[in-house]
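Read the structure below first, then the notes.
The values are calculated or read from the model by the stated rules, or taken from the named source; none is laboratory data. Please read all numbers here as calculations on a predicted model, not as lab measurements. All Cβ positions, even for glycine, are placed from backbone atoms using ideal geometry, and neighbour counts span all protein chains on display. Just so you know, the surface numbers come from the protein's heavy atoms only, side chains and all, with ligands and any DNA or RNA stripped out. Shrake-Rupley method; radii C 1.70, N 1.55, O 1.52, S 1.80 Å.
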Amino acid sequence: MPSLDLAPTAGADLAAVSLRGRDLSDQTVARLCVLMRQFAGFVERGHGVTMLSHVTPAVVESFIAAPTSGRTAPGPSLRYFRRLAVRQLFRACRAHGLDFGDPTVDLVLPSRSRAAFRPLEDEEVEFCRAVAVGVTSSRPGAAWALCEATARTAELAALTVGDVHLDEGQIWLHGSNRLDERWGELTEWGRIQVRRHLSGLPKNPETLLIGGGRPGTSIAQSSAVGIIGRTLRRAGLGEDPAVRPSSITAWTGRRLFDTSGRIGLVARRLGMRSLDRTATFIGWDWSHDDR
């Protein structure tokens, strides 16, 4: 039987092992492991905390706000990853039957963006993917994959089995009053999630892919928002007012722009009719860019 408590260093080691079984890149795992071990050293040496059950929210808050090795204040992104690392440490302990609570649960960090909306960052998408597939149902992973293929929540609720073309890695998106119809491109990860989800659905082309209500109704869109929102919250992004379900599609658009430099191409892929609105959506200020 495991001990009813753990030293912070032992907890960090336990969490590091559990992270390696997640759908995360080696770079993200390495970064989180470093931060978890920094946290363990911080509380043990700096605060004399010898057991994880004694870690308080105030101690976690002081770790998140602690200066970097260069004696500068941590930026918003580093604060977020420090909190994420501590949260994963305690989550791993709970998975092993060691429940010390979660001292990060009420710790709210300011948004990393002053804007009312922003695209997700690569590491955020990666972690959300791992969260989405870490549940029994295939629905959250498929819904996330479809949003990466530029589906908005209103479109998500209307997609059917017949709209999926897995061999081509595409999904037909129906558009809306503000969005054009178009083909959405699934990522390799997304294709795997959609295939997994399709395996449990009837083969009827009219079968709703995500479901949640009759397409076009507020109930259906609310259900789609809820699926994505739960993944964002489980990944620790639910408190950021600049993050919304469409932040996933904005991430896709930003990546496409960074590789192509063509805002018109991005607008077409996202189904958007205004280049200015597309630029704002993906977080690009073209008044300061010569492309």
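Observations on the structure shown:
- Neighbour net charge for Ser223 - beta-carbon separation under 12 angstrom, K R +1, D E -1: +3
- log₁₀ of I(q)/I(0) at q = 0.08 Å⁻¹ - the chain, Debye sum with one point per alpha carbon: -0.40
- Highest-first packing order for the peptide set 102-108, 140-146 is 140-146, 102-108, based on the mean count of other beta carbon atoms within 10 Å.
- Most fluctuating residue given options Glu185, Glu155, Glu239, as computed from a GNM of the chain linking Cα atoms under 10 Å: Glu239
- Averaged per residue, region 175-291 has 54 square angstrom of accessible surface, using a 1.4 angstrom probe with ligands and nucleic acids left out.
- Rg/Rh for region 109-230 (Cα atoms only, Rh after Kirkwood) is 0.96.
- Neighbour-limited loop hits for chymotrypsin sites (Phe, Trp or Tyr not before Pro), region 45-91 (at most 10 other Cβ within 10 Å; DSSP other than H, G, I, E, B): none
- Computed over neighbours whose Cβ is under 12 Å from that of Pro245, the net charge equals +2, Lys and Arg +1, Asp and Glu -1.
- Charged-residue dipole, Cβ positions (Lys, Arg, Asp, Glu), the chain about Cα centre, Debye nearest 20: 220
- For region 44-175: span of alpha carbons on each principal axis (Å, largest first): 60, 38, 24
- Whole-angstrom gap from region 128-171 to region 31-78, using each part's C-alpha centre: 37
- Net charge of Cβ neighbours under 11 Å - reference Arg83; Lys, Arg +1; Asp, Glu -1: 0
- Kirkwood hydrodynamic radius of region 63-132, from the reciprocal of the average inverse Cα-Cα distance over all distinct pairs: 13.9 Å.
- Distant alpha-carbon pairs in region 149-291 (separation over 28 angstrom), percent: 20
- Dimensions of region 160-209 along the principal axes, based on C-alpha atoms and rounded to the nearest Å, stand at 32, 24, 14, largest first.
- Of all accessible heavy-atom area on the chain, the percent that carbon and sulfur account for (1.4 Å): 53
- Fluctuation leader among Ile228, Ile219, Ile64 - the chain, Gaussian network, Cα springs under 10 angstrom: Ile219
- Legend: P(r) of region 1-106 from all alpha carbon pair distances, 5 Å bins from 0, whole percents, reading 2, 13, 25, 26, 20, 10, 3, 1, 0.
- Across the options Phe90, Met272, Gln38, the greatest Cα extent toward the positive end of the charge dipole of the chain (unit charges at beta carbon of Lys, Arg, Asp, Glu) belongs to Met272.
- Cα-based Rg / Dmax (Å) for region 113-169: 13.2, 41
- Taken about its Cα centre, region 1-157 carries a charge dipole of about 300 debye when Lys and Arg each add +1 at the Cβ and Asp and Glu each add -1 at the Cβ.
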